[in-house]
Amino acid sequence: MANDIERAPTEQEKRPATTPRPTSAAKFVEGRVVALKPWTERLYSIQVEAAVEPFRAGQFGRLALPGEAGEMIVRPYSFVNAPHERPHEFYFITLENGPLTQRLVRLHPGDPIWIAPRASGFMTLADIQDADFLWLLSTGTAVGPFLSICKTEEAWRRFKKVVLAHAVRYAEELTYQETVRVIAEQRGSQFVYVPFVTREDTNFALKARIPQAIQDGRLEARAGVPLAAEGSQVMICGNPDMVADTSAVLEARGFKKNRRKDPGQITVENYW
Ligand SMILES: Cc1cc2nc3c(=O)[nH]c(=O)nc-3n(C[C@H](O)[C@H](O)[C@H](O)COP(=O)(O)OP(=O)(O)OC[C@H]3O[C@@H](n4cnc5c(N)ncnc54)[C@H](O)[C@@H]3O)c2cc1C
Ligand SMILES: NC(=O)c1ccc[n+]([C@@H]2O[C@H](COP(=O)([O-])OP(=O)(O)OC[C@H]3O[C@@H](n4cnc5c(N)ncnc54)[C@H](OP(=O)(O)O)[C@@H]3O)[C@@H](O)[C@H]2O)c1
């Protein structure tokens, strides 16, 4: 992947020699940056080689880099790669003054990066019941875990159709188009991709927020699939306001939250 960002000293290089090593081996494993790909001014994917334990599509890892005083700055990031793919890949947006994202974006191939050895999270197919249709509803960088899910065989074995909705502000933020193209090519009409662009006009994307498009029927019309509690499982990930608003719209239609001891149809993950 291309990396045209100006070389800055890594945090490890900047750390005084007297600073203790930032990690105890138990908490993190040391990996290497393979590549940092810029998609837009703010959106990046980072590829990492690291000996983490097997994970499930939809789970997240905890990436860490040392801060000024040698303390570890740790944040969760969803795996974009499928469990069988290497290197590991994470998709992130840089936040102004964001402690970790401002450091991630200065990394270069070969730099060290730390990651918790074990993945976490319950937004996986293992935790949802079978249904006809699987709806994957995302905003921004939260399309990542759903791409990982779409790259597994399980998704296609268990559901007649998988609908992937990705909502962004601007069209250039509809990243991973090549991945989407390959999934569409492999899965044919079993896969439906629905892009949403909310802050500019396009001739291909829905110009609406996801909950609004559910309420007014545009999402179902575009997907060609009924969105009813009977026959559907819905995973929602990203902006917590979108997660809350979408859950509310679905609950008004008779969907209920999915809990291990009380299975339902709505499984969510908030990114902040
Ligand atoms: C389970 C889980 C999985 C996550 N997976 C991803 C991922 O795959 N990709 C990713 O970019 N982020 C992801 N995040 C968010 C991520 O962990 C960091 O919070 C984020 O990258 C910002 O880190 P920071 O240290 O720069 O700033 P922080 O101090 O952590 O965040 C500053 C503020 O930025 C906002 N914010 C944080 N993350 C995002 C985001 N993704 N999009 C929009 N606004 C945000 C929030 O208001 C937050 O309070 C995930 C969070 C959780 C809880
Ligand atoms: N993307 C940018 O160009 C940009 C620029 C400056 C700062 N930022 C900051 O970067 C962070 C992430 O930005 P982002 O653009 O990736 O994520 P975002 O703000 O979550 O927007 C992504 C998509 O989610 C939609 N959305 C927001 N709230 C929603 C709700 N309650 N219900 C349904 N849909 C909702 C947005 O629609 P709407 O367009 O209708 O809100 C947009 O389509 C934010 O903290 C933002 O302040 C982003």
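Computed from the coordinates by the stated procedures, all read-outs in this text should not be read as laboratory data. Please read all numbers here as calculations on a predicted model, not as lab measurements. Positions of Cβ are backbone-derived with ideal geometry, glycine not excepted, and every protein chain shown enters the neighbour counts.
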Proxy reagent accessibility, fewest Cβ within 10 Å first, across Asp262, Asp216, Asp132: Asp262, Asp216, Asp132
Pairwise label distance in nanometres, Leu95 with Lys160, each label 7 Å out on the Cα-Cβ vector: 4.1
Gain upon complete extension [Glu153, Glu220; 0.36 nm per residue less C-alpha separation]: 21.7 nm
Within the chain, percent of DSSP bridges classed antiparallel, to nearest 5: 50
Proximal lysines to Lys161, defined as alpha-carbon separation beneath 19 angstrom and excluding residues fewer than eight positions away on the same chain: Lys151
Simple spin-label estimate for Glu30 and Arg253 in nanometres, 7 Å along Cα-Cβ: 5.0
Net +/- balance of residues flanking Glu49 in space, Cβ distance below 13 Å, scoring K and R +1, D and E -1: -2
Cβ-Cβ FRET estimate between Lys207 and Ala69, R0 fixed at 41 Å, reported to 0.05: 0.35
R0 of 30 Å, Cβ-Cβ distance Gln190-Ala228: FRET efficiency to nearest 0.05: 0.95
Equivalent-ellipsoid semi-axes of the chain, from the Cα gyration tensor, Å, largest first: 34, 20, 17
Residue-averaged [θ]222 nm for the chain, counting only DSSP H segments that reach four residues, each worth -39500 (n - 2.57): -5500 deg cm²/dmol
Cα long-axis angle, helix 177-187 against the chain (0 to 90 degrees, to the nearest 10): 50
5 angstrom amide H check on Ala35, placed H, neighbours 5+ away: Gln47
Cα-based Rg of the range 125-270 normalised by 2.2 N^0.38 Å, two decimals: 0.96
Where only alpha carbons of the range 199-272 are counted, the Rg and the Dmax (Å): 13.0, 44
Label-point gap, in nm, between Glu49 and Thr198 - each point 7 angstrom along Cα→Cβ: 4.0
Label point 7 Å beyond Cα of Lys37 along Cβ direction - residues of the range 171-214 with amide nitrogen under 14 Å: 174-183
